[in-house]
Amino acid sequence: MERITALLTAPATPSAPALTLRPWEAADAPALLGLRGDEALRRWTNFAVEDEDGAASWVREQRRGWETGERFAFAVAEAAADGTDGDAPVGHVVLKRPAPGAPSAEVGYWTAARARGRAVAPRALEALTDWAFAVFAADGLARLELVHQTDNTASCAVARKCRYELTAVLPAEPPAFPRDGHVHVRTREAWVRGRTAPAGPSTPGGTPGDRRSVCAP
C-alpha cells in the first residue's frame, strides 16, 4: 500500500500556543516515561508505560500502525516562543482504521497533565478530523466514532466541542471496561456542512481521555 505521512497544525488560542501534530518518534520515549505517574491518564485510558523498554515499545507500536495503515497516531507538541516545536509532546491523537476501505473509523486522544486547560485536546482532535475526512474520503470514510466512559465528563465536553454527536450508550464490559460508555459520532456529511457554514465563536478548554482506544497498544 502507499505509505501515508502527515504533519498537521492547529491554531493558537489567546492563551495557548499553536500545536503541531506529527508521527511519534523514538526520541519521544523519555516524555512518555514521564507520564507514568499521571493518575488521570491511567484512569481514563489504557496507558501502561512503566519503564524505558515499555516507552520504546509503545512508540514502535505507533509507528507500526503507520506502516500497516491500521492506525495513525500523532504526537501533539506546542509551539515554542520561536515558532518551533516544544521540547516534548503534550498530547496524543489517533485515527484507527483496522479495516481500510470501511466506512467507519475510530478516534482517540489524551493530554499530559502539564498541558491540560489549554484546549490541546479539542484543537488536536479537530485537526485530526479534518485530515481524516480529507485524506480518506476517496477510500470510503464517511463516519468517525469516539468512545469514552460515561463518567468522563471532560472527554464528553471535548467530543461535543468538536461536534461529535452523542448517539449511543455502550453497556459496561467488566473487568476491562467497568462502566458504560458514550459513543459520539461525526459524519463526513456534517463535516462538509460545517466547513461551508459561517464560523461561530470558539470556546477553548477541556481535558481529554478515551475509555477504549486512546492509548491502545
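Here are some notes:
- The length gained by stretching the chain between A142 and T68 to full extension, at 0.36 nm per residue less their Cα-Cα distance, is 24.6 nm.
- Computed over protein heavy atoms with a 1.4 Å probe, the accessible surface of the chain works out to 47 Å² per residue.
- In sequence order, calculated HN-Hα J values of the stretch 34-45 (Karplus, 6.51, -1.76, 1.60; Hz; x Gly/Pro): x, 9, 5, x, 7, 5, 5, 4, 5, 5, 9, 10
- Adding -39500 (n - 2.57) for every DSSP H run of four residues or longer, then dividing by how many residues the chain holds, sets the calculated 222 nm ellipticity at -8500 deg cm²/dmol.
- Full extension of the chain segment joining D130 with A99 gains 9.2 nm, where the gain is 0.36 nm per residue of separation less the Cα-Cα distance.
- Area of D130 that stays accessible when all protein chains are in place (1.4 Å probe, Å², to 10): 50 Å²
- Mean-square fluctuations from a GNM of the chain, with a 10 angstrom spring cutoff on Cα atoms, peak among T20, T150, T196 at T196.
- Spread over its residues, the convex hull of the C-alpha atoms of the chain is 124 Å³ per residue.
- Label-point gap, in nm, between R160 and A27 - each point 7 angstrom along Cα→Cβ: 4.0 nm
- Highest mean packing comes first when the peptides 157-164, 11-18 are listed by Cβ atoms within 10 Å, giving 157-164, 11-18.
- Sorting E67, E173, E126, E52 on solvent-accessible area from highest to lowest, probe radius 1.4 Å, gives E52, E67, E173, E126.
- Rough spin-label spacing in nm, given labels placed 7 Å along Cα→Cβ, for R36 and T9: 3.6 nm
The values are calculated or read from the model by the stated rules, or taken from the named source; none is laboratory data. Note that the structure is a prediction, hence the values are computed from the model and not measured. Heads up, the Cβs are rebuilt from the backbone with ideal geometry, glycines too, and the neighbour counts pull from every protein chain shown. With ligands, DNA and RNA removed, areas are computed over all heavy atoms of the protein, side chains included. Shrake-Rupley method; radii C 1.70, N 1.55, O 1.52, S 1.80 Å.
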